[in-house]
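Written below as structure tokens is the structure these notes are about.
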Amino acid sequence: MSDASGVPPLRLAGVERRYRTEAGELPVLTGADLVLNAGEIVALVAPSGTGKSTLLHLAGLLERPDGGEVFVEGRAAGTLSDDQRTAIRRGTIGFVYQFHHLLPEFTALENVTLPQMAAATPRAAAEARARELLAAFGLAGRESHRPGKLSGGEQQRVAIARALANRPRILLADEPTGNLDVGTSDRVFAELLEAVRGQGVAALIATHNPALAARMDRVVTLRDGKVEPAG
């Protein structure tokens, strides 16, 4: 479903992306279409090198397409300035990567608080939200620990909490549990799904794990630079 306005949080329309190499232009996306609805969790499953990360970067406004358009909450992003795109990323889009990319010199609480303060949330409110999220991911009592004192699973839980801190409408995740052992991956992924569904976020999650993909609402893949239903 889309939101009450009828506009999906994310829509890719005929998106193209090419990279220049010594051998010439390499087409990666050749007219990719995708609609991500509010409250929907979509798995992106495709072989390495087919453009999964590129698709996520374009959807998250980290790159600009060579053709087509990315619409965020109905707003075409192609002609926006870098500052406008940054503002959308900060307030509307959350990112989770395979490697947590936490700031090592800051505590778990600070890692989740800082993005909110960057979005002009007062510190007290940002810290309260951070504590709430960390507790939801089983990290109550670990708020003062820096990443180096946390396990891999705990670090990724902090990264997910950080991605959800500003109450994004869209969550983009690139192999979010790919760096964890099987047992930890399953637990963290279950927590991620529960949090995303609880907040009604539209989520696109790239994974190589078919068991994880099967737990999402639908599965898509990339074939010849286009998004298609998997199977």
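The values are calculated or read from the model by the stated rules, or taken from the named source; none is laboratory data. Computed from a prediction, not measured in an experiment: that's the story for all the values here. Note that each Cβ is placed from the backbone with ideal geometry, even for glycine, and that neighbours are counted across all protein chains shown. To get the accessible areas, we keep the full protein, side chains included, count just its heavy atoms, and leave off ligands, DNA and RNA. Shrake-Rupley method; radii C 1.70, N 1.55, O 1.52, S 1.80 Å.
Ignoring the sites themselves, what is the longest stretch of the chain with no chymotrypsin sites (Phe, Trp or Tyr not before Pro) in a DSSP loop and at most 16 other beta-carbon atoms within 10 Å? All intermediate terms of the calculation are to be shown ahead of the outcome.
Working: sites that count: F99, F106.
Counting at most 16 other Cβ atoms within 10 Å as exposed, the longest clean stretch of the chain is 107-231.
Express the relative contact order of the chain as a whole percentage, based on alpha carbon pairs under 8 Å and six or more residues apart in sequence.
Working: 441 pairs, mean separation 67.4, N = 231.
Across the chain, relative contact order equals 29 percent.
Each principal axis of the Cα atoms in region 138-228 has its own extent, and those three values, largest first, are 46, 28, 21 angstrom.
At a threshold of 8 angstrom on Cα-Cα distance, excluding pairs fewer than six apart, so keeping six or more, what relative contact order does region 94-214 reach in percent? Walk me through the numbers before you get to the answer.
Values: 166 pairs, mean separation 39.5, N = 121.
Relative contact order comes out at 33 percent.
Among A59, A159, A76, the residue with the largest mean-square fluctuation in a Gaussian network model of the chain, with springs joining Cα atoms closer than 10 Å, is A76. Scalar couplings 3J(HN,Hα) for region 21-30, obtained by applying the Karplus form with A = 6.51, B = -1.76, C = 1.60 to θ = phi - 60°, are 10, 4, 8, x, 6, 10, x, 10, 10, 10 Hz; x denotes Gly and Pro.
Name the residues of region 49-65 whose amide N is less than 17 Å from a point 7 angstrom out from the Cα of A23 along the C-beta direction? Residues 49-51 fall inside that zone.
Think of a 1.4 Å ball rolled over the protein heavy atoms: region 132-226 then has 42 Å² of accessible area per residue. Using a Gaussian network model of the chain whose springs link C-alpha atoms within less than 10 Å, name the residue from Q199, Q156, Q84 with the highest mean-square fluctuation. Fluctuation is largest for Q84. Give the Debye-formula value of log10 I(q)/I(0) at each listed q (0.12, 0.14, 0.19, 0.25 Å⁻¹), with one equal scatterer per alpha carbon of region 49-113, two decimals each. Taken in order of the listed q values, log10 I(q)/I(0) reads -0.39, -0.52, -0.84, -1.12.
Once you reduce region 173-216 and region 27-84 to the center of their Cα atoms, the two points are 19 Å from each other. Over all Cα atoms in the chain, the spread is summed up by Rg and Dmax: 17.5, 54 Å. For region 154-164, the Karplus equation 6.51 cos²θ - 1.76 cosθ + 1.60, evaluated at θ = phi - 60°, returns couplings of 5, 4, 6, 5, 4, 5, 5, 4, 4, 5, 9 Hz by residue, with Gly and Pro reported as x.
With Rh defined as the Kirkwood radius, the inverse of the mean 1/r over Cα pairs, the Rg/Rh of region 1-136 is 1.01. Across region 6-18, rounded Karplus estimates of 3J(HN,Hα) from the backbone phi angles (6.51 cos²θ - 1.76 cosθ + 1.60, θ = phi - 60°) give x, 9, x, x, 9, 9, 9, 10, x, 6, 10, 8, 10 Hz, Gly and Pro being marked x.
Over region 145-184, the ratio between the Cα radius of gyration and 2.2 N^0.38 Å evaluates to 1.25. Helix-only arithmetic for the chain: the sum of -39500 (n - 2.57) across DSSP H runs with n ≥ 4, divided by the residue total, places the mean residue ellipticity at 222 nm at -10500 deg cm²/dmol. Would you mind checking the tilt of helix 182-199 against the longest principal axis of the Cα atoms of the chain, expressed as 0 to 90 degrees and rounded to 10? Between helix and principal axis, roughly 80 degrees. On region 67-108, 54 percent of the accessible area sits on carbon and sulfur atoms, based on a 1.4 Å probe.
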